[in-house]
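Worksheet: one structure, shown below.
The values are calculated or read from the model by the stated rules, or taken from the named source; none is laboratory data. Note that the coordinates shown come from a computational prediction; the quantities given were computed from them, not determined experimentally. No Cβ is skipped: glycine too gets one built from the backbone with ideal geometry, and neighbour counts run over all protein chains shown.
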Amino acid sequence: MNAPVLSAEAVTKSYWLGKREIPILKGVDLAVQRGEMVALLGASGAGKSTLLHVLGLLDAPTTGRVLYDGNQVHDLKVTERARLRHQHVGFVFQFYHLIPELTALQNVLLTRMMQCSVAQYWRQRKATRQEAESILGDVGLSSRLLHRPSELSGGERQRVAIARALLQNPRVVLADEPTGNLDSETADGVMDLLFRINRERQLAFLLVTHNEELAKRCHRVVRLRDGVVVN
Amino acid sequence: MFSWVLALRYLQRRWVNVLGTIGVMVAVWSLIVVRGVFSGFIEDIRADVRRSSPDLMVTGLPLQTSFSSIDAALRGDDEVAATAPRLRHYGTFFQRSGGATLQSVELEFSNVDSSFVQLVGIDPQRERDVTSFDDWLARGRKRTARDPADHGAPELGSNLEVPAKLEYFARRRLDLSVPADPEDFRSLWPGLLLGKERTRYQRGLDIGSPLDLLSVDYVARAAGEPVRAITLQRTFAFAGTFQTGARLFDDSMAIVPIEPLRTMLGHDALDEGSIDLCTDVAVRATKGLTIEQLQTLADRLVDRVKQALGTPMPTGCKPEVLTWEQQNAVFLDAVDTERAMTTLVLFAVMLIAAFLIFATLHMMVTQKTKDIGILTALGGSQRGVGQIFTRCGMVIGAFGVVGGVGLGLATLWNLNPINDWLFESIGFELFPRTLFDLPKVPYRIETPWLVGVAAAAFVLTLFVAWVPARMAARMHPVKALSYE
Ligand SMILES: Nc1ncnc2c1ncn2[C@@H]1O[C@H](COP(=O)(O)OP(=O)(O)O)[C@@H](O)[C@H]1O
Ligand SMILES: [Mg+2]
């Protein structure tokens, strides 16, 4: 049997306010299989974002383990974690998080630049550009390549962010309320796009959302409540 | 890779960083230009000082030292090529404004026109072997645009005396008694040379004009008797001007033949028991000695002089042999110190530029906190994130340094045209050349200095960029992402 692309074992995470420990995650067990689309539901402040950060190696768990393809990764060195984060996971955030100085195309291309030298990038620049343009076309932005984020609508910005995650060729996408900042019609469009990507690319998703309807369309729904995950 | 792309992109969108570049540029430019001009001046000054000074000067001799008593000892050294006696004294001179009697004394309070002089008695023949005395005279004779009065024309006699004819006519102008026929006239006044600058505003000073010298000497008639002051008086004829180029020397010295001065001081060559009095001995060393070799020669000569003078030495008397640098140490050190101080001040400009860069980059890191979080989430390494900002510094610094060096060199190469243009168009002289009596503003491009300034400026910008870069690299990605 294949190991899950992404799994958490007994993950806890606490913040400290002065001397006082504030436990947020209290032993989360979770596994996302290849190509699986998992919805993560939970009240605001339940710790969903915190969990995503821990799973994406942006933050270390207080205790417990994080595994990619069955390998323990949460305790790797910081440079290794950066490399793995780049290879393995794509992030999509609620507030898009694009670089304002760069055009849509450049924002997408940026992910390819993260882990290679100028020379390496130069050799593959044409192919990369074609790939980025085709992905942007795929998310419906072929006429917006040279727009800066400030010149794009919210939905368009989120599509750029999705394209950015896709060019990375990740094994799993961690999406933190990707439609939380969009009106319902635009949100539907973005969600349809995510479902289509999941189908076409067999790409695993861990999707944080408040929308029960939407969650039902996913393969599986998990809930984060009182610091633990319940199915 | 991404750090280069973002560094350039961030800079392109933040023109405030141009301030940092301009700051570095101005600092580098001024360090190069000011230093270049200063070094040019110093080189000139050193050349002038060198011209005015013998290789070595024996000084600090006891009073009543006879030149011949130490000359042989000095010349016993293989590295001594020539020697010349110097007899220093002091006095004031009056310029007669007409007739045999003094009619008025103009008191000038400007230091240059003071009638106080350091008298230097020289033996013209020997002096020629030791210093570039003929060159001093030639420079003194040379006309300049600002100095139309032609002072120094005649060839002086072997003992610096003015041609008898000139003295004859000078005497006639002042109604002094002269024989009817100029051919019967024999010169009485020894010649006296003054610095060229000093005589520029001295009206009515013609070759052959009498200068009445007044001086004091302290003597004891016999051993044990109290010392007593006596006044000494002697009339000299203005014999022309000299110029070594060293202003300190030229403005304070009056050069006279040594014999009349010896006579004034009680050692007339014809008198019984007189000595060839001297206060110093100028020494020329064999060609091509370095300043260090001169120094060791000086040390040897001190011993020779002490031996020749014999013991015991009078109290408070300490013979010394000074190299040409030591003879002018006070002046040369002052100029060097001035250059060092100016350089220091300009380095402060550099520090301000560095601070400016630090401030803008620090601001940039704060503004870009969210980007830093995003980049980390996309798989950017700490190093890569930090490099964005060091590379910003690199670009700012490189432009500043290249611009500053380029502007600096361009300014130096065109220094005189620029200076002329400024003077002609707005009447402002950046470098007042009259102050130094130079036809052109001198400058000197020192490659090590150029490279040093460029490297220092660049390293400094890298360093000040490194601090905010480290701050960026160490940022926690989650906190950065949620930064408001
Ligand atoms: N840096 C922090 N220090 C202290 N508490 C934090 C910090 N970050 C998040 N929290 C707390 O952790 C809890 C979970 O936050 P988060 O994971 O963002 O919730 P969710 O995404 O489910 O709304 C919140 O109560 C929040 O106040
Ligand atoms: Mg959240």
Practice task
Tell me which residues, restricted to the range A:83-112, are within 16 Å of ligand 1 (Cβ to nearest atom) and more than 8 Å from chain B (Cβ to nearest Cβ).
Solution key: A:Val92, A:Gln94, A:Phe95
Problem - Sole exception among (1) within 22 Å of B:Ser66 (Cβ to Cβ); (2) free of Cβ contacts under 8 Å to residues at least 60 places away in the same chain for B:Ile207, by number - result: (1)
Exercise for the section: For residues that are outside any helix (DSSP H, G or I) and either hydroxyl-bearing (Ser, Thr, Tyr) or within 21 Å of B:Gly20 (Cβ to Cβ) (or both), tally how many sit in the range B:440-484. Expected result: 3
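Each row is one residue, and each column tells you yes or no for (1) modelled with pLDDT under 90; (2) within 30 Å of B:Gly36 (Cβ to Cβ); (3) more than 14 Å from chain A (Cβ to nearest Cβ); (4) touching a Leu at 6+ places or on another chain (Cβ under 6 Å).
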residue	(1), (2), (3), (4)
B:Arg444	yes, yes, yes, no
B:Pro448	no, yes, yes, no
B:Ala456	no, yes, yes, no
B:Val459	no, yes, yes, no
B:Leu462	no, yes, yes, no
B:Trp466	no, no, yes, no
B:Ala473	no, no, no, no
B:Lys479	yes, no, no, no
B:Ser482	yes, no, no, no
Practice task
Kindly provide the set of residues from the range A:3-23 that are away from chain B (no Cβ under 14 Å) and under 24 Å from B:Gly379 (Cβ atoms), ordered by number.
Solution key: A:Ala3, A:Pro4, A:Val5, A:Leu6, A:Ser7, A:Ala8, A:Glu9, A:Val11
Practice task
Could you please find all residues in the range A:34-76 being away from every other protein chain (no Cβ under 14 Å) and in a strand (DSSP E or B)?
Solution key: A:Met37, A:Val38, A:Ala39, A:Leu40, A:Leu41, A:Thr63, A:Gly64, A:Arg65, A:Val66, A:Leu67, A:Asn71, A:Gln72
Exercise for the section: Six or more apart or on different chains, Cβ under 6 Å: which pairs go from a residue in the range A:5-24 that's without any contact (Cβ under 8 Å) to a residue 24 or more places away in the chain to one that's β-branched (Val, Ile, Thr) and within 10 Å of ligand 1 (Cβ to nearest atom)? Could you list them? Expected result: A:Tyr15/A:Ile22
Exercise for the section: Considering each residue of the range A:106-142, count those that are closer than 20 Å to A:Thr79 by Cα and β-branched (Val, Ile, Thr), and give that number. Expected result: 2
Exercise for the section: Would you please list the contacts, defined by Cβ atoms under 8 Å and residues six or more apart or on different chains, that run from a residue in the range B:329-347 that is loosely packed, with under 11 Cβ neighbours inside 10 Å to a residue that is among the hydroxyl-bearing types (Ser, Thr, Tyr)? Expected result: none
Handout entry: the range A:175-201 residues that are closer than 22 Å to A:Gly56 by Cα, paired with ones that are within 16 Å of ligand 1 (Cβ to nearest atom) and part of a helix (DSSP H, G or I) (beta carbon under 7 Å, 6 or more apart)
Key = A:Asp176/A:Ser49; A:Asp176/A:Leu52
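Would it be correct to say that A:Val38 is among the β-branched types (Val, Ile, Thr), closer than 17 Å to A:Ala204 by Cα and either within 13 Å of ligand 2 (Cβ to nearest atom) or surrounded by fewer than 22 Cβ atoms within 10 Å (Cβ to Cβ) (or both)? So that I can check it myself, show each step before the final result.
On the way: among the β-branched types (Val, Ile, Thr): yes; closer than 17 Å to A:Ala204 by Cα: yes; either within 13 Å of ligand 2 (Cβ to nearest atom) or surrounded by fewer than 22 Cβ atoms within 10 Å (Cβ to Cβ) (or both): yes.
Spelling it out, A:Val38 is indeed among the β-branched types (Val, Ile, Thr), closer than 17 Å to A:Ala204 by Cα and either within 13 Å of ligand 2 (Cβ to nearest atom) or surrounded by fewer than 22 Cβ atoms within 10 Å (Cβ to Cβ) (or both).
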Exercise for the section: Would you mind telling me which numbered condition in (1) part of a helix (DSSP H, G or I); (2) within 33 Å of the chain's Cα centre (by Cα) B:Ala239 fails? Expected result: (1)
Completion exercise
Scanning the range B:261-320 residue by residue, those among the β-branched types (Val, Ile, Thr), within 24 Å of B:Asp78 (Cα to Cα) and part of a helix (DSSP H, G or I) turn out to be B:Ile291, B:Thr296, B:Val302, B:Val305
Problem - Residues of the range A:24-33 classified as farther than 12 Å from A:Arg223 by Cα, away from chain B (no Cβ under 14 Å) and within 16 Å of ligand 1 (Cβ to nearest atom), total - result: 2
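Yes/no matrix, rows are residues, columns are (1) hydrophobic (A, V, I, L, M, F, W, C); (2) farther than 20 Å from A:Asn107 by Cβ; (3) not in a helix (DSSP H, G or I):
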{"position": "A:Thr128", "(1), (2), (3)": "no, no, no"}
{"position": "A:Ala132", "(1), (2), (3)": "yes, no, no"}
{"position": "A:Gly140", "(1), (2), (3)": "no, no, yes"}
{"position": "A:Gly155", "(1), (2), (3)": "no, no, no"}
{"position": "A:Val160", "(1), (2), (3)": "yes, no, no"}
{"position": "A:Ala165", "(1), (2), (3)": "yes, no, no"}
{"position": "A:Thr186", "(1), (2), (3)": "no, no, no"}
{"position": "A:Met191", "(1), (2), (3)": "yes, yes, no"}
{"position": "A:Glu213", "(1), (2), (3)": "no, yes, no"}
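To keep it simple, each residue is scored yes or no on (1) closer than 12 Å to B:Val5 by Cα; (2) outside any helix (DSSP H, G or I); (3) within 21 Å of the chain's Cα centre (by Cα).
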{"position": "A:Gly90", "(1), (2), (3)": "no, yes, yes"}
{"position": "A:Phe95", "(1), (2), (3)": "no, yes, yes"}
{"position": "A:Asn107", "(1), (2), (3)": "yes, no, yes"}
{"position": "A:Leu110", "(1), (2), (3)": "yes, no, yes"}
{"position": "A:Gln120", "(1), (2), (3)": "no, no, no"}
Problem - Members of the range A:185-231 that are of a type in the set (A, V, I, L, M) and surrounded by fewer than 13 Cβ atoms within 10 Å (Cβ to Cβ) - result: A:Val230
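Okay, residues lined up against (1) within 13 Å of ligand 1 (Cβ to nearest atom); (2) within 17 Å of B:Pro477 (Cβ to Cβ); (3) of a type in the set (A, V, I, L, M, F, W, C):
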| position | (1), (2), (3) |
| --- | --- |
| A:Val5 | no, no, yes |
| A:Gly35 | no, no, no |
| A:Val66 | no, yes, yes |
| A:Thr79 | no, yes, no |
Exercise for the section: Just give me the residues in the range A:37-49 being more than 13 Å from the chain's Cα centre (by Cα) and within 9 Å of ligand 1 (Cβ to nearest atom), in sequence order. Expected result: A:Gly42, A:Ala43, A:Ser44, A:Gly45, A:Ala46, A:Gly47
Fill in the blank from the handout: Condition set surrounded by fewer than 23 Cβ atoms within 10 Å (Cβ to Cβ) and not aliphatic (A, V, I, L, M), scope the range B:361-380, selection farthest from the other protein chains (Cβ to nearest Cβ): answer is B:His362
Handout entry: Residue among A:Glu9, A:Glu21 that alone is acidic (Asp, Glu), within 13 Å of ligand 1 (Cβ to nearest atom) and part of a strand (DSSP E or B)
Key = A:Glu21
Handout entry: B:Val283 vs. criteria buried (at least 21 other Cβ atoms within 10 Å of the Cβ) and either farther than 24 Å from B:Leu213 by Cα or polar (S, T, N, Q) (or both)
Key = yes
